[in-house]
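S.K.: What follows is a structure written as structure tokens; I'll ask about it next.
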Amino acid sequence: TFISSGSAAALDAISNPDGSKTNLIFDIHQWLDKNNTGTDGNCVTNNIAVFEPLAQWLRCHGRQAFLSATGGGNGRTSNCNPLLCEQMEYLLANSDVFVGY
């Protein structure tokens, strides 16, 4: 996970030249398919289980993130749209830490 892998600690060390951490936004990517690439025709997750601990970490550390890449499927399946909508609803409900998508 983001925290157990050490990524959280590494990202928390990023600061402005003056040492402050204001106005720094992390760019994140998260896909809806099983291999997390956005290329599989079948979506399997709305990613809320991934975004919940990230949102908690961002809040605790006064940080924000921007989801710049997401999706899944190839247009031939219909299961991606509901999962994508659920993901976007979660991000919107947590817009204090997720500032865009």
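The values are calculated or read from the model by the stated rules, or taken from the named source; none is laboratory data. Keep in mind the model is a prediction, meaning the values are calculated, not measured. So basically every Cβ, Gly included, is an ideal-geometry build from the backbone, and we count neighbours across all protein chains shown. For the accessible areas, the whole protein counts, side chains as well, though only heavy atoms, and no ligand, DNA or RNA atoms are used. Shrake-Rupley method; radii C 1.70, N 1.55, O 1.52, S 1.80 Å.
S.K.: As a test of reading the structure, rank Cys43, Cys60 by solvent-accessible area (1.4 Å probe, protein chains only), most first. It would help to have the intermediate numbers written out before the result.
M.R.: Details: Cys43 5, Cys60 110 Å².
Accessible-area ranking of Cys43, Cys60, largest first: Cys60, Cys43.
S.K.: Which Cys residues of the chain have no other Cys Cβ less than 4.7 Å away and so no disulfide-compatible partner by this rule?
M.R.: Isolated Cys, the chain: Cys60, Cys85.
S.K.: Defining a contact as two alpha carbons under 8 Å apart and six or more residues distant in sequence, what relative contact order in percent does the chain show? Write out the running numbers ahead of the final one.
M.R.: On the way: 143 pairs, mean separation 29.6, N = 101.
Here the relative contact order equals 29 percent.
S.K.: If you don't mind, there's one more thing I want to ask. So how do Phe51, Phe26, Phe66 rank on accessible area, 1.4 Å probe, biggest first, that is with the largest at the start? Display every interim value, and only then the final one.
M.R.: On the way: Phe51 5, Phe26 25, Phe66 80 Å².
Result, largest first: Phe66, Phe26, Phe51.
S.K.: OK, next. Which order do you get for Lys34, Lys21 if you rank them by accessible area with a 1.4 Å probe, largest at the top? Let's see the in-between values first.
M.R.: Numbers: Lys34 155, Lys21 80 Å².
Sorted by accessible area, descending: Lys34, Lys21.
S.K.: Oh, and also: Could you tell me the accessible area of Thr22 in Å² (1.4 Å probe, neighbours in place), rounded to the nearest ten?
M.R.: Here the residue's solvent-accessible area equals roughly 80 Å².
S.K.: Provide the solvent-accessible area of Leu83, counting protein heavy atoms only and rolling a 1.4 Å probe, rounded to the nearest 10 Å².
M.R.: 30
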